[in-house]
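What follows is a short report on a single structure.
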Amino acid sequence: MNKAVMAMGTKRKLLIFQQFGCKYSKPPFFSQYFFIFATMKTFLPLVLFCTLAFTAAAGDYSKYYTSDLPVALSEPALPSIPDNTVVVSDFGAIGDGITDCTEAFRKAISGLAKLGGGHLVVPAGIWLTGPIVLKDHIDLHLDKGSVVLFSPNREAFLKDGRVMPCISAGKRTDISITGYGIIDGNGEWWRAVKRGKVSDVEWKDFKRMGGTEADGGKLWYPFALKHGADIASDFKAQEKMRTHMIRLTDCERVLVQGVTIQNSPKFHLVPTRCNNVIIDGVTVRCPWNAQNGDGIDLMYCQDVLIVNNKVDVGDDGICLKAGGGAAALKYPSNARILIQDNTVFHAHGGFVIGSEFSAGVQDVVVRCNTFSGTDTGLRFKSAPGRGGKTSNLYISDIFMSDIRDQAIVFETSYVDVPVGSDGKRSTAEDFLPEFTDIHISNVVCRDARIGISAKGEVRMIHDIDISDCTIFCTETLSEIEDPAMLNLENVSLSTY
């Protein structure tokens, strides 16, 4: 029954919804369950029916997400995807994990584009491929059991001297990546490894690949591997060429829904200068020690929902960035963003702003999220030369456990330390970070090493309200350099 429902055409689904007086917007993530019950003509208790109907009809996301907020957020518009459907295997792709499917994906997307767009279905199987470039009105849909595995052949990603993201779209409208399958970036072929972050067994596994040790055996680079050609003259140059998994740039109406995104060469999901973005029900994961393994990074995006996701990564979990220095000012700020009902496991921070945000971050609501096992919970990091201004940020109902360092931390002397370098503290006197107009309430945390930390100058950290919070610390209650930075009201910090 489930397969039959999933294969049901949009028109048929629309008729069923109309029978029950509901609105249908494609593609609702949980709608297949509604159709299973509806087509079986099963009489459901009213409450259950209303729950299912609401979930299925919530493609507009308006009632649950964008109403009753402390700031006015626009309702992101869903992509418009025509009913045309093709299967990647019809274009010569073979899901055996051996056959290179790059050309099949290209032909399938090109064919759909000529039809005005549609759904490119990836069936169950292992589909080895090079870069995938999406076009207007295209939905890349991964069936359950499917794995889109990006090739370890790094040369396949080179174009005009640059390395392409695994999946990309530039200056496109109506883009979606949906389904129940896995997108795997084969990141171990790209990432440097720090000896101190891996076990003896893992270190031996990397050395079996070949590669190059550096810094007296403290670092391993995937350079001069036993299998696969290098794409730079030395390991340091090749390290700088690592690519992102999914990078969508200057796009309008973007939906990423349901899929698992894992093991990226660098950042996993990076919408940049995009408007009307929905990231819903996605799992993002990689080894905890993956270098620069950010989960979801927004850059200069507006009208965004990030909801119902699970993140377990090697760097920042859910992060807002807006460029560093004068170059960032030609782009818009991150604005009108809702981050709700997400769970972040391992990450350097559950919710993060920075370190670059010179274009600013404004009108953001972060609520009803759980951080379990992150290094820090709420993290605001930047430094002179890469800072900007925050405004109208509301963070509430955050639940944390097993936090390695601080539950809440503000730092304005952050030092970015790329692998293989020492990193230098900025001495710039322009583009100072200004963390201000931030309202944090109802944070419950058990077992953070440090409760609240704020280090910097009052001109860079000020007018921040923290209220109605309960934080149990294992070592230090607080590290606040100047009481004028934070306004604490009904905040309980306790320890053993």
Would you mind calculating the gained length between VAL198 and THR470 on full extension (0.36 nm times residue separation, minus the Cα-Cα distance), in nm to one decimal? 94.5 nm
Mean ellipticity per residue at 222 nm, deg cm²/dmol - from DSSP H runs of n ≥ 4 across the chain, formula -39500 (n - 2.57): -4000 deg cm²/dmol
Give me a comma-separated list of calculated 3J(HN,Hα) values for region 361-378, in order, Karplus coefficients 6.51, -1.76, 1.60 applied at θ = phi - 60°, integers in Hz, x for any Gly or Pro. 9, 8, 6, 10, 10, 10, 8, 6, 10, 10, 10, 10, x, 6, 5, 10, x, 9
Restricting to aspartates and glutamates and to Cα separations under 18 Å from LYS240, and discarding same-chain partners fewer than 8 apart, the set is GLU155, ASP160, GLU188, GLU213, ASP215, ASP230, ASP294, ASP315, ASP416, ASP422
Sequence-distant or interchain residues sharing an amide H contact under 5 Å with LEU142, placed H: which? VAL122, THR178, GLY179, TYR180, GLY181
Per 10 angstrom bin, beginning at 0 and ending with the bin that holds the maximum distance, the Cα pairs of region 192-237 fall in percents of 28, 56, 15
Label-point gap, in nm, between SER413 and ILE94 - each point 7 angstrom along Cα→Cβ: 6.1
Arrange SER168, SER74 by Cβ neighbour counts within 10 Å, fewest through most, would you? SER74, SER168
Could you list ILE450, ILE98 so that the one with the fewest beta carbons within 10 Å of its beta carbon is first and the one with the most is last? ILE98, ILE450
Cross-link table LYS159/LYS204; LYS171/LYS389; LYS107/LYS204; LYS207/LYS266; LYS197/LYS236; LYS159/LYS321, entries beyond 31 Å C-alpha to C-alpha: LYS159/LYS204; LYS107/LYS204
So what's the Cα pair-distance distribution over the chain, bin width 10 Å, in %? 4, 18, 28, 26, 17, 6, 1, 0
Would you report the distance distribution of C-alpha pairs in region 338-418 as whole percents per 5 angstrom bin, up to the bin with the largest distance? 4, 15, 23, 25, 19, 12, 2
Put in order of increasing Cβ neighbours within 10 Å, starting from the fewest, ILE395, ILE403 give ILE395, ILE403
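Every number in this text was worked out from the coordinates using simple rules, so none of it is lab data. Everything numeric here is computed off the predicted structure, so don't read it as measured data. Every residue, glycine as well, gets a Cβ built from its backbone with ideal geometry; the counts of neighbours run over all protein chains shown.
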